[in-house]
Amino acid sequence: MMKYESERFVFGDQAEKEEVDGGLVRQIMGFNDDLMLVKASFKEGSVGYTHAHPHAQLAYVESGVFEFTIGDETVMLKKGDCAYIPSGVDHGAVCHEEGMLLDIFNPVREDFLEN
């Protein structure tokens, strides 16, 4: 039996929006114990500060331009690009052009659900 499980359908215009840092808004779109999808909207100049977590992560650039750092490598990513962040690796992003990331985590980010 699952400990965590979202509704079967989550509507973007109704999902709760949480302001995380200045210019960064997060929406949890769906999850279960093993998987989570999060929309992260960034204003130009906002920063996803360098951090690490035990979850593997994919970050898909839905729109905008982001300077992404994973470990000691930094690249610019634009709409249609994707980054894979292994478990436990330091990473962060700076938004150079307003946009949105679709973040997929394995397993679920329990810390996001406890807020």
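The values are calculated or read from the model by the stated rules, or taken from the named source; none is laboratory data. Quantities reported herein were computed from a predicted structural model and do not represent experimental measurements. Ideal geometry is used to build each Cβ from the backbone, glycine not excepted, and the neighbour counts take in all protein chains shown. These area figures cover heavy atoms from the full protein model, side chains too; ligands, DNA and RNA do not enter into them. Shrake-Rupley method; radii C 1.70, N 1.55, O 1.52, S 1.80 Å.
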### Query
Can you tell me which residues in region 12-37 are touching a residue at least 60 places away in the same chain (Cβ under 8 Å), in a loop (DSSP other than H, G, I, E, B) and closer than 22 Å to residue 65 by Cβ?
23
### Message
Return the pair list, or none, for Cβ contacts closer than 7 Å from residues in region 38-52 that are part of a loop (DSSP other than H, G, I, E, B) to residues that are among the charged types (D, E, K, R) and surrounded by fewer than 19 Cβ atoms within 10 Å (Cβ to Cβ), at least 6 apart or on different chains.
### Response
43/98; 44/97; 44/98; 46/21; 52/90
## Note on the structure
Flagged in region 74-115 as at pLDDT below 95 and hydrophobic (A, V, I, L, M, F, W, C), in numbering order, are 112, 113
#### Entry: Criterion violated by residue 89 - all others in (1) part of a strand (DSSP E or B); (2) over 18 Å from residue 17 (Cα atoms); (3) hydrophobic (A, V, I, L, M, F, W, C) satisfied
(1)
### Query
When you look at residue 81, is it more than 13 Å from the chain's Cα centre (by Cα), more than 17 Å from residue 46 (Cα to Cα), open to solvent by less than 60 Å² (accessible area, probe 1.4 Å) and charged (D, E, K, R), yes or no?
yes
#### Entry: Lone qualifier among 74, 69 - being surrounded by 15 or more Cβ atoms within 10 Å (Cβ to Cβ), assigned to a strand (DSSP E or B), more than 11 Å from the chain's Cα centre (by Cα) and not aliphatic (A, V, I, L, M)
69
### Query
Consider residue 96 against the criteria (1) within 17 Å of residue 21 (Cβ to Cβ); (2) under 14 Å from the mean Cα position of the chain (by Cα): it satisfies all of them except one. Which criterion is unmet?
(2)
